[in-house]
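Structure first, commentary second.
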Number of protein chains: 2
Amino acid sequence: MTDKRSYAIIGTGALGGYYGICLHRSGRDVHFLLHSDADFVKENGLVLTEKDGPDNVYNVKAYGDVREMPACDVAIVALKTTANCILPEILPQVVKPDGVVLVLQNGLGVEDAAAQVAGPDRVYGGLCFLCSNKTGPGRIHYVDYGHISMGRYRPDGNDAPPGDTLRAIAADFEGAGIDVELMENLEAARWRKLVWNIPYNGLSVILRTTTDRLMADPSTRGLVERVMREVVALAAARGHTIEDAFVQKMMDYTDRMTPYRTSMMIDFDLGRPLEIDAIYGEPLRRGESAGGSAPLIRMIYDMLRFLTPS
Amino acid sequence: MTDKRSYAIIGTGALGGYYGICLHRSGRDVHFLLHSDADFVKENGLVLTEKDGPDNVYNVKAYGDVREMPACDVAIVALKTTANCILPEILPQVVKPDGVVLVLQNGLGVEDAAAQVAGPDRVYGGLCFLCSNKTGPGRIHYVDYGHISMGRYRPDGNDAPPGDTLRAIAADFEGAGIDVELMENLEAARWRKLVWNIPYNGLSVILRTTTDRLMADPSTRGLVERVMREVVALAAARGHTIEDAFVQKMMDYTDRMTPYRTSMMIDFDLGRPLEIDAIYGEPLRRGESAGGSAPLIRMIYDMLRFLTPS
């Protein structure tokens, strides 16, 4: 891989668009794949508003057709996991023979599609702690946070040292102003993030509410905590120990957050497919087949599937 | 108690109104307590439509003020359980010194308010299997079913033979065309009815749906069955054995029902208080304090309390 890595952003939404712009303005060669906004962005560029700041327009390399994209050193998968089924069509085109894939999605099993195309050794994953919204065609509003935990993919979920390639990618992100933490175990990091995502995403959809209201009502506050403990139990069954204090830390963290509509709630309100399999189905399959038990999570999963028939 | 018993109907809604009219037209002396419809019914009578039949008008003894009511041999409590707090005001007025109270409500602990006023030995309970709706002021539409399981109240939930008074009341209902089954153990009968009420009432409110859709989706169908098994487990902890086949029987019964909006769903849609404590709170308190475990029922309880802040 060259020292001046090129990046393909697969999915230029609130997340892919934001990180892509950061890399682009730090001097990286970034190629953005868009869907419905492609023509708009080709003509007008991408617009980023950071917090209360002014609109900044970035004239980026935008594509509506993957066949027009060059092969890059790094393909960043920033689609919804529900669209991962199109990766076998896309990745062979946008990844160089010695290139790699970085999957910036939540949940478990989300690298599997990329690994089948590129081979498991060329796949990395990242967990983004980012608050951003897509507010219109080609328009992204960055709200807060942004750091990423990255690790090397392993199908069996065991430890894997990050390696030089991931360190180089992390350096590019750091150079673009994004804090990166490199993880020794990607699946363990994914389980930790699920401690937050599993209770808040599902309960916010089922109860049509925001994080602050879930925390303010003693009934749902207690329920959130019990669901978090079930995530910890499933992770433990898979061999990933999450310390007890982490549950309280996530509760405290949410107490301090501004009232927040979860991404699943936003998807639900917009009639989009929900990431139910990555956030609930695969964690339940892995945790339960390893002997874990999570009746509350399974109930949330059942309710979400009822609310969103496929 | 005289051979020709007088009845006070406390709460002339879809249930109290229907049974009261049946007793009235069979020749019993029936006094109806109404709230907002009192003046209307005094002037126009109660209207009952049975299935697809014609409207029949009954000129009944209607009261808007309990102080105008005579003391009766039997007071039938047909309020929502959420209104039981007004019974200490009402019952002393409408029950003769040797009269009794028959509580026709779902859930557990629903006789407690009556027992505190009249003493536990003068209280009976009944579970109604009735499909009826209130369709307007003083208007009741009888849809289907109607039989009642009646038993003697015991605070400790143990067996109690029905006794002559309850037999006489049951005979009045039978004479009015209502099938009555006398139970040796009222609490056991209440638990059996909860096997149906606990899954369908709560899940229909949380998921905004009807019984047929809960049964048609494999996710919620499995969930309903798991919740039913938790009710059986709580009942068992209290010493009430419900045979395993009963769960399947309730599932089959619901499969055969016409699509049904549960009473809790109707209350929710109308912005009325929900019978959460009688159907969830008290069963959980009794079952859990006896060593039972019901994480799914507790989760439904938490969600319902969140959806209906007091």
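At a Förster distance of 25 Å, what's the computed FRET efficiency of residue A:112 paired with residue A:71, Cβ-Cβ distance as r, to 0.05? Don't skip to the end; give the middle numbers.
Values: r = 22 Å, r/R0 = 0.88.
Using R0 = 25 Å, I get an efficiency of 0.70.
Taking N as the number of residues in segment B:6-184, what value does Rg over Cα atoms divided by 2.2 N^0.38 Å take? Kindly include the intermediate steps, with their values, before the conclusion.
Details: Rg = 15.1 Å, N = 179, 2.2 N^0.38 = 15.8 Å.
Against the compact-globule rule of thumb, the ratio is 0.96.
Could you go through segment A:235-245 in sequence order and give the Karplus-derived ³J(HN,Hα) for each residue, using 6.51 cos²θ - 1.76 cosθ + 1.60 with θ = phi - 60°, rounded to whole Hz, and x for Gly and Pro?
4, 4, 4, 8, x, 9, 7, 10, 5, 3, 5
With an 8 Å Cα cut-off and a minimum separation of 6 or more residues, compute the relative contact order for segment B:188-307 in percent.
On the way: 135 pairs, mean separation 45.2, N = 120.
RCO, segment B:188-307: 38 percent.
Using the Cα centre as the reference, give the magnitude of the dipole from point charges on the C-beta atoms of segment B:188-307 (Lys, Arg: +1; Asp, Glu: -1; all else neutral), rounded to the nearest 20 debye. Mind showing how you got there, number by number?
Working: 17 positive and 15 negative charges, 27 e Å.
So the magnitude is around 120 debye.
Of chain B, which part is the longest with no trypsin sites (Lys or Arg not before Pro) in a loop (DSSP not H, G, I, E, B) and with at most 10 other C-beta atoms within 10 angstrom?
On the way: sites that count: B:4, B:51.
Formally, the longest exposed-site-free interval is B:52-310.
Pop out the Kirkwood hydrodynamic radius of the protein assembly as shown from its pairwise C-alpha distances, inverse of mean 1/r, in Å to one decimal.
Working: mean 1/r = 0.0359 Å⁻¹.
Final number for the Kirkwood radius of the protein assembly as shown is 27.8 Å.
So for chain A, averaging the separation of alpha carbon pairs under 8 Å that are six or more residues apart and normalising by length, what relative contact order in percent results?
With pairs under 8 Å counted, the relative contact order is 15 percent.
Normalise the Cα radius of gyration of segment A:99-197 by 2.2 N^0.38 Å (N = residues in it) and let me know the number.
Numbers: Rg = 13.8 Å, N = 99, 2.2 N^0.38 = 12.6 Å.
Working it through for segment A:99-197, the quotient is 1.09.
With 10 angstrom as the radius, rank B:231, B:117 by how many other C-beta atoms surround their C-beta, starting from the fewest.
Working: B:231 28, B:117 17.
Starting with the residue having the fewest Cβ neighbours, the order is B:117, B:231.
Determine, for B:147, A:31, B:240, the number of other Cβ atoms within 10 Å of each Cβ, and report the residues in order from fewest to most.
Going from least to most buried by this count: B:147, B:240, A:31.
With +1 on each Lys and Arg Cβ and -1 on each Asp and Glu Cβ, and nothing else charged, work out how big the dipole of segment A:38-111 is about its Cα centre, in Debye to the nearest 20.
On the way: 6 positive and 11 negative charges, 24 e Å.
The dipole magnitude comes to about 120 debye.
Would you mind getting me the FRET efficiency between residue B:52 and residue B:82? Use the beta-carbon distance for r and R0 = 35 Å, nearest 0.05.
Values: r = 32 Å, r/R0 = 0.92.
About 0.60, to the nearest 0.05.
Which one of A:102, A:166, A:199 has its Cα pushed farthest toward the positive end of the charge dipole of chain A, where Lys and Arg give +1 and Asp and Glu give -1 at the Cβ?
A:199
Any idea how far the Cα center of segment B:21-72 sits from the one of segment B:268-292, in Å?
Here the two parts' Cα centres lie 31 Å apart.
Taking θ as phi - 60°, what are the ³J(HN,Hα) couplings along segment B:225-231 by the Karplus curve (6.51, -1.76, 1.60), each to the nearest whole Hz, with x for Gly and Pro?
Coupling constants for segment B:225-231: 5, 5, 5, 4, 5, 5, 4 Hz.
Under the rule of at least 5 residues apart or a separate chain, name every residue whose amide H is placed under 5 Å from the amide H of residue A:124.
A:101, A:102, A:103, A:153
In the protein assembly as shown, if the dipole is taken from +1 on Lys/Arg beta carbons and -1 on Asp/Glu beta carbons about the Cα centre, which of B:126, A:157, B:146 is farthest to the positive end?
Most positive-ward Cα: B:146.
For segment B:168-176, just list the computed ³J(HN,Hα) in residue order, Karplus coefficients 6.51, -1.76 and 1.60, θ = phi - 60°, integers in Hz, with x standing in for Gly and Pro.
5, 5, 4, 5, 4, 5, 4, x, 8
State the extension gain, in nm to one decimal, for the chain segment bounded by residue A:243 and residue A:59, taking 0.36 nm per residue of separation less the distance between their alpha-carbons.
On the way: separation 184, 0.36 × 184 = 66.24 nm, distance 4.53 nm.
Here the answer is 61.7 nm.
How high is the FRET efficiency between residue B:308 and residue A:258 when r is their beta carbon distance and R₀ equals 25 Å, given to the nearest 0.05? Walk me through the numbers on the way to the answer.
Numbers: r = 26 Å, r/R0 = 1.04.
Calculated value: 0.45.
Mind checking the full-extension length gain between residue A:179 and residue A:216? Use 0.36 nm per residue of separation minus the Cα-Cα distance, one decimal, nm. Before the final figure, lay out each step's value.
On the way: separation 37, 0.36 × 37 = 13.32 nm, distance 3.13 nm.
Result for the pair: 10.2 nm of gain on full extension.
Of the GluC sites (Glu not before Pro) in segment A:145-194, which ones lie in a loop per DSSP and count no more than 16 other C-beta atoms within 10 Å?
On the way: sites: A:174, A:181, A:184, A:187; in loops: A:184.
Here the sparse-neighbourhood loop sites are A:184.
If each residue's Cβ is checked for other Cβ atoms within 10 Å, how do A:280, A:260 rank with the fewest at the top?
Working: A:280 27, A:260 16.
Ranked by crowding around the Cβ, least crowded first: A:260, A:280.
Dipole of the protein assembly as shown, Cα-centred, from +1 at each Lys and Arg C-beta and -1 at each Asp and Glu C-beta, to the nearest 20 debye? Please report the intermediate quantities before stating the final value.
Working: 66 positive and 82 negative charges, 40 e Å.
Magnitude of the dipole: close to 200 debye.
So for chain A, what are the equivalent ellipsoid semi-axes in whole Å, largest first, each being the square root of 5 times an eigenvalue of the Cα gyration tensor?
Details: eigenvalues 189, 103, 64 Å².
With the √(5λ) rule applied to chain A, the semi-axes are 31, 23, 18 Å.
Subtract the Cα-Cα distance of residue A:144 and residue A:156 from 0.36 nm times their separation in residues, and report this length gain in nm to one decimal. It would help to have the intermediate numbers written out before the result.
Values: separation 12, 0.36 × 12 = 4.32 nm, distance 3.34 nm.
Full-extension gain reported as 1.0 nm.
Find the relative contact order for segment A:6-184 and round it to a whole percent, using C-alpha pairs within less than 8 Å whose residues are 6+ positions apart. Walk me through the intermediate numbers first.
Values: 393 pairs, mean separation 38.3, N = 179.
So the answer I get is 21 percent.
Rounded to the nearest 500, what is the protein assembly as shown's calculated 222 nm mean residue ellipticity when only DSSP H runs of at least 4 contribute -39500 (n - 2.57) each, over all residues? All intermediate terms of the calculation are to be shown ahead of the outcome.
Working: 24 runs with 268 residues, N = 620.
Mean residue ellipticity at 222 nm (helix-derived): -13000 deg cm²/dmol.
Roughly how many whole Å is it from the C-alpha centroid of segment A:210-267 to that of segment B:101-154?
So the separation of the two Cα centres works out to 41 Å.
Since every read-out is calculated from the coordinates, none of them should be taken as a lab result. From a predicted model like this one, the values you see are computed outputs, not experimental measurements. Glycine also receives a Cβ, built like all others from the backbone with ideal geometry; neighbour counts cover every protein chain displayed.
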